[in-house]
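Structure record follows, encoded as structure tokens.
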Amino acid sequence: MIKFIEKLLNLIYVQPCYFCKSIKEDKIICSRCYGKIHFLPAGVFRKNEECNIYACTIYDEIIKKLIKDLKYHNQRRLAPLFAYIMANYWKKLGLMQNYLILPVPIHKSRMKERKYNHMDIVAQEFSKITNYKLNKDFLIRIKDTEKQYKLHKQERIKNIKNAFDINKNINLDKNTHLLILDDITSTGITLEEIIRVLKKNGYCNITALTLATPDIWN
């Protein structure tokens, strides 16, 4: 009887895979689904103003659901997986500097609507894994932009222009190695604008890391 109850409890409390609902492994992502992720080789994905930009994976089915559900559907329990994928890739690069993490900010109107910035949560988890310090308040979004994926390239450039600034109340050493974290890069325009703003304010040691990129850019 006791063994029966134990088995029943295990079935009730086992964690199914978020993506395929399998209960075989009691993990948020099973080995089969993790194996479907298309990881990119460790190396510079593109450069912008002498700043290296890295992308961890291709924006495929698993990664798309991971980003979408964390970002729009309050599935905050996905943040550790999101950060683990990024940190695992990051370690393969073998970069030895000590970085300050800067998650890409959202506008206050979006924050009011969503109640959270998903990249803040990912950055917190990434900080725990890497032991890098985190500053969620240094980069600020001063313009409420349209969603970039709905726009063509020239519209994206215009949309994101002057959307960011730095918090002048935070005194940050100009020689600090900054690591920008974002979910996805396609044209790279958002990161380009953030890099421009940081350089304008005297920060030149800038690196960016994103979880994914659409396969059309490879």
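Just so it is clear, none of the values below were taken in a lab; they were calculated from the coordinates. The model shown is predicted, which means the values in this text are computed figures rather than measured ones. Reconstructed Cβ throughout: ideal geometry from the backbone, glycine too, with neighbour counts over all protein chains shown.
Key figures for this structure:
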item: Candidate set from the stretch 13-39 (those that are within 19 Å of the chain's Cα centre (by Cα) and not in a loop (DSSP other than H, G, I, E, B)); member that is farthest from LEU181 (Cα to Cα); result: TYR34
item: Test result for ALA42, in a loop (DSSP other than H, G, I, E, B), within 23 Å of THR207 (Cα to Cα) and not polar (S, T, N, Q); result: yes
item: The listed residue being in contact (Cβ under 8 Å) with a residue 40 or more places away in the chain, among the polar types (S, T, N, Q) and in contact with a Ser or Thr (Cβ under 9 Å, 6 or more places away or on another chain), out of GLN97, GLN124; result: GLN97
item: Qualifying residue in the stretch 80-92 (condition: assigned to a loop (DSSP other than H, G, I, E, B) and either within 30 Å of CYS204 (Cβ to Cβ) or in contact (Cβ under 8 Å) with a residue 40 or more places away in the chain (or both)); result: no
item: Hits in the stretch 109-143 - residues which are assigned to a helix (DSSP H, G or I), aliphatic (A, V, I, L, M) and under 14 Å from LEU209 (Cβ atoms); result: MET119, VAL122, ALA123, ILE129
